[in-house]
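Down below is the structure, laid out as structure tokens.
The values are calculated or read from the model by the stated rules, or taken from the named source; none is laboratory data. Fair warning: this is a prediction, and the values are worked out from it, not measured in the lab. Here the Cβ positions follow ideal geometry from the backbone for every residue, glycine too, while neighbour counts run over all protein chains shown. Ligands, DNA and RNA are stripped out before the accessible areas are found, and what is left, the full protein with its side chains, is counted by its heavy atoms. Shrake-Rupley method; radii C 1.70, N 1.55, O 1.52, S 1.80 Å.
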Amino acid sequence: MEGVVDHIMRDLLTRIGGIDLCVTEFVRVSNELLPPKVFYRHCPELHNNGKTPSGTPVVVQLLGGKPEPMAENAARAAELGAPAIDINFGCPAKTVNRHDGGASLLKNPARLFDITSAIRNAVPLHIPVTAKMRLGYNDTSLALENAKAIEDAGASEITVHGRTKTDGYKPPAHWDWINKINKHIDINVIANGEIWTIEDYQRCRQESGCADIMIGRGLIRYPDLALQIKQQRHNRQPLPPVNIFDALINLFLASRQESKSNRYLCDRIKQWASLLGLGHPAAMQLFQTIKREKCPDSIYSHLLAARNNAQI
Ligand SMILES: Cc1cc2nc3c(=O)[nH]c(=O)nc-3n(C[C@H](O)[C@H](O)[C@H](O)COP(=O)(O)O)c2cc1C
């Protein structure tokens with residue numbers, strides 16, 4: 001998730017457990033072959049066999065509309081050790097769509113085919129090429145055709161976010177539509193959208209007919225959601241405040257170690273505290289306390305104090 005799930009967040013979340021696979025933020029491809037440093041920046045896990053420190057594979061995500069540069073850059077990511085390449089056919093952002101990438105490509109199935117097959121031909125066969133799509137741009141009229149184009153081009157899996165670009169992030173996610181796509185093609189379909197609880201997970205699997213699911217915002221709000229799902233824990237207790245504050249402290253320390261700016265550090269902690277706060281009242285209380293702070297040291301003191309109080 002662009003602007004939210006970088007390698008630090010992937011490390012924190014995969015340490016908690018239950019996650020089979022992560023995807024990087026998107027690497028934007030326009031015309032040229034990007035230098036290795038760009039791939040390492042998006043995916044430092046390439047230095048670790050393409051895995052997080054706890055061993056979860058990290059797929060490199062590419063976004064762009066031109067087959068040739070997409071293929072060249074996919075080949076480079078593969079050379080650098082990416083365990084798989086995922087293509088973004090779902091981003092709804094105006095700037096991305098204006099520059100011919102993400103969901104705007106869903107208007108033309110032939111373009112999905114051209115981009116996917118160029119990448120498939122450029123990447124060694126043992127490295128999977130996958131794609132993520134929405135149900136369409138303005139409507140679902142091309143949903144099946146788009147999915148088929150991606151399959152025919154040689155992708156081995158498609159993740160479907162059960163909404164059109166126009167739907168944005170407005171609930172519901174149409175898991176029944178994912179089912180139609182799942183029935184229409186032979187490759188594995190992964191269902192995505194609006195999974196916040198273990199019950200959502202079960203309903204989504206049932207309604208979509210998909211065995212596998214992808215979780216986005218649900219894991220940011222409930223970092224142990226994948227673990228609960230894996231362990232089939234129905235009598236769900238939210239993570240105790242002390243674990244939540246520990247996670248925020250770890251995010252702070254890891255981000256500070258990378259010499260990020262003060263502004264970045266503060267925004268990062270506030271961002272996750274506010275998102276965690278939607279599921280954990282203690283995090284919301286912390287967010288209210290720090291939301292106007294501009295000094296990382298004071299934010300860190302508040303984090304430590306909150307953690308100490310939670311332990312008592
Ligand atoms: C802040 C944010 C950033 C996102 N970045 C990406 C991205 O880089 N690539 C992508 O395929 N989807 C991206 N998404 C979409 C999510 O992967 C997911 O499809 C969507 O949020 C629906 O799933 P959810 O209800 O589990 O969050 C992003 C979503 C959000 C809210």
Margin query: Accessible area of segment 1-123 with a 1.4 Å probe: how many percent of it is carbon plus sulfur?
Written below: 51 percent
Margin query: If the elastic network links every pair of Cα atoms under 10 Å, which of Ala77, Ala131, Ala122 fluctuates the most in the Gaussian network model of the chain?
Written below: Ala122
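State the volume of the convex hull built on the alpha-carbon positions of the chain, expressed per residue in Å³ and rounded to an integer. Numbers along the way, then the final one.
On the way: hull volume 40.8 nm³, N = 312.
Cα convex hull per residue, to the nearest whole number: 131 Å³.
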Note to self: If each DSSP helix of 4+ residues adds -39,500 (n - 2.57) and the sum is divided by the residues in the chain, what number results at 222 nm, nearest 500 deg cm²/dmol?
What the structure shows: -14500 deg cm²/dmol
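How much net charge surrounds Ile185 when only the other residues with a Cβ under 14 Å from the Cβ of Ile185 are counted, with Lys and Arg +1 and Asp and Glu -1?
Around Ile185, the charge tally is -2.
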Check: Given C-alpha coordinates of segment 206-263, what is the ratio Rg to Rh with the Kirkwood estimate of Rh?
Finding: 1.11
Notebook entry, point to check: With every protein chain left in place, what is the accessible area per residue of segment 175-312 in square angstrom, probe 1.4 Å?
Noted result: 51 Å²
Checklist line | Cut-off 12 Å between beta-carbons: net charge of the residues surrounding Gly277, Lys and Arg +1, Asp and Glu -1 | finding: +3
Next item on the list: Calculate, for segment 1-142, the solvent-accessible area per residue in square angstrom, rolling a 1.4 angstrom probe over the heavy atoms of the protein chains.
Entry: 42 Å²
Next item on the list: Of the listed pairs Lys170/Lys270; Lys94/Lys132; Lys148/Lys180; Lys94/Lys183, which have alpha-carbon separations greater than 20 Å here?
Entry: Lys170/Lys270; Lys94/Lys183
